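Visitor: Please see the structure below; I have some questions.
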Amino acid sequence: MEDFVYLCSWKADNHGFIVWLKEHPHSKAAGRTIGEAVEWLTEAVRADGGAITPTFEFTPPLPANGGDYQFRNPDLVTVIGDERFETNQPRVQAFASETERRAAAEWNNQFFTGNTCSKCQIPSGPRNDRLLELTHMRAGYDGGFVSVGAGIRCVFSEEFLNLLTEQERQFLELRPVAAIRRGRKRFFELVGLPRVSFVGVSCLESSGWECPKCKGQCFGYFVKGLPFRNFVACADLPSALPSVFTVGSYWNTELCITTHRWNSLVGKKGTRGLVSHPLGAVPEDYVARSLKLKLLE
Ligand SMILES: [Zn+2]
């Protein structure tokens with residue numbers, strides 16, 4: 001069976017935690033910590049003939065552990081379709097000629113106001129008005145992503161976007177995608193500059209690189225025991241926090257939803273294949289506006 005996003009739930013008991021699949025409650029596992037229980041759930045899903053590398057979406061959200069709390073005020077997630085959709089970008093095979101590689105790189109250029117860097121593929125300007133063309137979307141999924149240059153573009157189904165209120169949709173800039181093989185669902189790309197940019201965190205070790213050619217940076221966080229891959233500064237958030245807005249960098253726009261609001265949506269028709277990732281909110285004392293990263297080789 002292929003990879004799949006499973007809706008799950010959890011509860012605490014005297015021994016630790018119990019986790020299970022909502023649609024198949026007999027697929028369950030227990031552990032002394034929530035992490036251990038989730039690890040065993042992966043095994044249980046495999047043993048029951050489910051996905052080899054399952055993705056779990058928990059509702060209610062998993063409990064925060066001690067180190068998380070300082071980054072959960074407000075409590076935010078990014079939401080993305082858990083599947084790479086295909087575009088009409090020319091494929092670069094192994095040992096492709098310089099001409100073939102250049103054709104694939106030039107395909108990236110048409111979607112940004114500046115060319116993409118030949119070394120790191122970060123564009124020198126934001127997304128332009130050209131429509132993305134998709135050649136494959138996973139059946140049944142309400143979202144996915146495609147790679148364009150060094151970044152990703154996120155697309156969501158009309159059905160998902162209709163779950164949001166009109167007021168919430170006002171905070172999003174959406175553009176229809178052109179589907180070469182037309183399915184029944186209509187998809188929209190999240191475009192426009194993100195409302196809030198990702199920042200570094202001075203008290204955590206970052207992973208990533210800086211391009212020696214264009215000085216573009218690409219970074220994230222993979223800290224053991226911390227669920228956050230990206231962070232925003234609390235001070236950058238709008239004072240009246242919308243339940244839905246965009247985050248990222250000028251070449252990567254992602255959907256951010258308050259955990260509370262996402263919890264009211266997850267599991268509804270229109271959210272199939274969508275997963276949430278905790279987004280850390282950093283108090284000003286720990287915000288790093290510039291990061292020293294290793295140079296891209
Ligand atoms: Zn570069």
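The values are calculated or read from the model by the stated rules, or taken from the named source; none is laboratory data. Note that the structure is a prediction, hence the values are computed from the model and not measured. No Cβ is skipped: glycine too gets one built from the backbone with ideal geometry, and neighbour counts run over all protein chains shown. Side chains are part of the model used for accessible areas, which takes the heavy atoms of the whole protein and leaves out ligands, DNA and RNA. Shrake-Rupley method; radii C 1.70, N 1.55, O 1.52, S 1.80 Å.
Visitor: May I ask you to list pairs of residues, at least six apart or on different chains, whose Cβ atoms are under 9 Å apart, with the first in the stretch 155-184 being among the β-branched types (Val, Ile, Thr) and the second being surrounded by fewer than 16 Cβ atoms within 10 Å (Cβ to Cβ)?
Guide: Qualifying pairs under 9 Å: 177/131; 177/133; 177/186; 180/88; 180/133; 180/135.
Visitor: Can you find, within the stretch 205-218, the residue that is nearest to the ligand (Cβ to nearest atom) among those that are without any contact (Cβ under 8 Å) to a residue 24 or more places away in the chain and not in a strand (DSSP E or B)?
Guide: 215
Visitor: Given the structure, is residue 163 touching a helix residue (DSSP H, G or I) at 6+ places or on another chain (Cβ under 9 Å) and more than 16 Å from residue 112 (Cα to Cα)?
Guide: So residue 163 passes the test.
Visitor: Specify which of the listed residues (281, 233) is open to solvent by less than 10 Å² (accessible area, probe 1.4 Å), free of Cβ contacts under 8 Å to residues at least 60 places away in the same chain and in contact with a helix residue (DSSP H, G or I) (Cβ under 8 Å, 6 or more places away or on another chain).
Guide: None of the other options fit; the residue is 233.
Visitor: Also: Identify the residue in the stretch 121-162 that is within 15 Å of the ligand (Cβ to nearest atom) and open to solvent by 10 Å² or more (accessible area, probe 1.4 Å) and, among all such residues, is farthest from residue 245 (Cα to Cα).
Guide: Going through the qualifying residues, I end up with 121.
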